[in-house]
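The values are calculated or read from the model by the stated rules, or taken from the named source; none is laboratory data. Predicted model only: the values in this text are computed from it and were never measured. Neighbour counts run over all protein chains shown; Cβ positions are idealised from the backbone, glycine included.
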Amino acid sequence: MTTEQTLPICIAGQWRLGRGERYASYYPATGEAVAWLNAASLEDVEETVLGAHQAFLHSGWAQRKPHERAGVLYRIAQLIREQSEELAQLQRQDNGKPIGETRNLVASAAGTFQFFAAACETLEETITPSRGDFVTMSVYEPMGVVAAITPWNSPIASEAQKVAPALAAGNAVVIKPAEITPLLALQLARICEEAGLPKGMISVLPGKGSVLGDALTQHPLVKRVSFTGGTRTGKHIAHIAADKMMPVSLELGGKSPTIVLDDADLDHAVAGVLYGIFSSSGEACIAGSRLFVARSLYEPFMQRLCAAAATIRVGNPEDETTQMGPLISAAHRESVERYVALGLSEGGRLRLGGERLRGGDYDKGFFFPPTVFEGLSNDRQVCQEEIFGPVLVAMPFDDETDLVKQANDSIYALAAGIWSRDYKRAWTLGRKIQAGTVWINTYKQFSISTPFGGWRDSGLGREKGRLGILQYMEQKSLYWGMNEQPLAWASEHREVAP
């Protein structure tokens, strides 16, 4: 890819330059531009939605048999696998994740399309129990045009989780990728078309979310929005959707508790806590950013944890051995630094890290080290607000009643982790913790077959799972009259003319 070339975007099947301002996609490890493109304009949004609506009505995609749509989705999965290294390197350039992680995300995207292809061709409609002289059926139909608004931290995996079930259901999809990471969505659209998806059934509109996301959400022909991102933006979308009476899926922020009980396997717990907060440089909604450790175990556990965290390899995302790459941007690193300063002002003590990495290649990119706070209570801002960076706050606890109260004392309820050798104890605690996902003796493991989402300010609705396809469909009931005689009411009350 040449950085001077301005990339076209996909507007209802037409690949052309956007009408908005020209901007760059930057490599966070060096701050250098890796691609240029023109953002979509509001006129592009209107053209895209109208074109997608026409494709939905007339391309025949919605009318194809489920197994026929599934065949295209299987082909998309195959093409992603065939182009996996190219896609992984492209995502590395787009958002600075280490190459090992981007390979896993690409593999996840392929698996997602394969899973929803299977879900599509095996989805059953239902003949419901009869309650009268009729046969009743429950069927599902596509909605029309749906919008997928995706984040910058794991583009291709997030896009696949929205696009695959939406296409499987028969809808046309408009992807609004994060402004700063547009490249994977564009490539995914090309793959979908190459696999046989009709023109216009997928579109990609790069640019500012506050402009394009608003326009998409408000458009009367957009019948559903699936959004992953910040809670403030998610609530704004929810207000618009309420006025439209439009369903939404909102996967939002988190401030997830990780709990180490006094009987935990320390090797597993240390490894899991490190992975939960420092992989992806902490730029993950499910990051285990609040650590609660049984007081009797606290000091030896923290010694082991911080010693291990100090060895995490932070550096060039191209290097196969790198564990943590840069943060997404200079502005985001400054935000993380402000939270570190806030934690210190609140009385916290830095046990590890806390200052940007300097020297050599570190000066080119937006690097920040693993950082561990202690000495703070759970009611402090850094324990309550999502930092979205590699910052862990550790707190000891004395009894499980107080632990549950603290763990649930958050506006967020997306995920949690529990470390214990006693599975009965972990099960009981896991049922008390308020979260959409609870990991026990592991963390940040995902399965496309298992629903995912949050409670409270962490979101609405669920993605993934076999029935995730139904999120993108309308349910309809059909009644087939089987009565031999006309309806009695009409016969009993019919007036006879004189």
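Checked against (1) out of contact with any helix residue (DSSP H, G or I) (no Cβ under 7 Å at 6 or more places or on another chain); (2) touching a residue at least 60 places away in the same chain (Cβ under 8 Å); (3) outside any helix (DSSP H, G or I); (4) aliphatic (A, V, I, L, M), L403 passes all but a single condition, namely (3). Is it the case that some residue within region 415-438 is in a loop (DSSP other than H, G, I, E, B), touching an Asp or Glu at 6+ places or on another chain (Cβ under 6 Å), surrounded by fewer than 19 Cβ atoms within 10 Å (Cβ to Cβ) and not assigned by TED's automatic domain parsing to the domain that holds P28? Scanning region 415-438 turns up at least one residue that is in a loop (DSSP other than H, G, I, E, B), touching an Asp or Glu at 6+ places or on another chain (Cβ under 6 Å), surrounded by fewer than 19 Cβ atoms within 10 Å (Cβ to Cβ) and not assigned by TED's automatic domain parsing to the domain that holds P28.
Looking across region 330-354, the residues that are over 23 Å from D379 (Cα atoms) and either modelled with pLDDT under 95 or of a type in the set (A, V, I, L, M, F, W, C) (or both) come down to A330, A331.
Annotation note: Cβ proximity below 7 Å between a residue of region 189-209 that is closer than 18 Å to G60 by Cβ and surrounded by fewer than 22 Cβ atoms within 10 Å (Cβ to Cβ) and a residue that is of a type in the set (S, T, Y) and modelled with pLDDT of 95 or more (sequence gap 6+ or interchain) occurs for P198/S59.
Against the criterion of being under 14 Å from T48 (Cβ atoms) and either assigned to a loop (DSSP other than H, G, I, E, B) or in contact with an Asp or Glu (Cβ under 6 Å, 6 or more places away or on another chain) (or both), G213 does not qualify. Would you confirm whether or not region 289-301 contains a residue that is under 22 Å from V438 (Cα atoms), in a helix (DSSP H, G or I), in contact (Cβ under 8 Å) with a residue 24 or more places away in the chain and in contact with a Gly (Cβ under 6 Å, 6 or more places away or on another chain)? For region 289-301, residues under 22 Å from V438 (Cα atoms), in a helix (DSSP H, G or I), in contact (Cβ under 8 Å) with a residue 24 or more places away in the chain and in contact with a Gly (Cβ under 6 Å, 6 or more places away or on another chain): absent.
Restricting the first member to region 143-157 and to residues that are under 15 Å from G230 (Cα atoms), and the second to residues that are assigned to a loop (DSSP other than H, G, I, E, B) and of a type in the set (D, E, K, R), the beta-carbon pairs closer than 6 Å and six or more apart or on different chains are N153/E283. The strands (runs of 3 or more DSSP E) found wholly in region 94-192 and carrying at least 1 residues that are in contact with a Gly (Cβ under 7 Å, 6 or more places away or on another chain) and over 23 Å from V211 (Cα atoms) occupy 134-142. Could you identify the single residue in L79, L73 that is over 26 Å from Y140 (Cβ atoms), in contact (Cβ under 8 Å) with a residue 40 or more places away in the chain, not in a loop (DSSP other than H, G, I, E, B) and not hydroxyl-bearing (S, T, Y)? When all the criteria are applied, what remains is L79.
Taking region 89-104 as the range and being buried (at least 22 other Cβ atoms within 10 Å of the Cβ) and among the hydrophobic types (A, V, I, L, M, F, W, C) as the test, only L90 passes.
Yes/no per residue for (1) of a type in the set (A, V, I, L, M); (2) closer than 21 Å to G170 by Cα; (3) under 23 Å from the mean Cα position of the chain (by Cα); (4) not assigned by TED's automatic domain parsing to the domain that holds P326:
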site: R16; (1), (2), (3), (4): no, no, no, yes
site: Y23; (1), (2), (3), (4): no, no, no, yes
site: A39; (1), (2), (3), (4): yes, no, yes, yes
site: G51; (1), (2), (3), (4): no, yes, no, yes
site: G60; (1), (2), (3), (4): no, yes, no, yes
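Suppose we keep only residues that are assigned to a strand (DSSP E or B) and touching a residue at least 60 places away in the same chain (Cβ under 8 Å) within region 33-56. Which one would you say is farthest from K223 (Cα to Cα)? Among them, the one singled out is V34. Residue count for region 40-95 under the criterion of being among the acidic types (D, E) and modelled with pLDDT under 95: the result is 1.
Just so you know, in region 456-498 the residues that are exposed (fewer than 10 other Cβ atoms within 10 Å of the Cβ) and of a type in the set (A, V, I, L, M) include one that is modelled with the highest pLDDT, and it is A488. When we screen A107, A117 for residues that are aliphatic (A, V, I, L, M), modelled with pLDDT of 95 or more, farther than 30 Å from P220 by Cβ and crowded, with 21+ Cβ neighbours inside 10 Å, the only hit is A117.
For region 312-323, the count of residues that are surrounded by 15 or more Cβ atoms within 10 Å (Cβ to Cβ), in a helix (DSSP H, G or I), under 29 Å from the mean Cα position of the chain (by Cα) and not hydroxyl-bearing (S, T, Y) is zero. Being under 20 Å from F452 (Cα atoms), touching a Cys at 6+ places or on another chain (Cβ under 7 Å), surrounded by 23 or more Cβ atoms within 10 Å (Cβ to Cβ) and of a type outside the set (S, T, Y) is true of A168.
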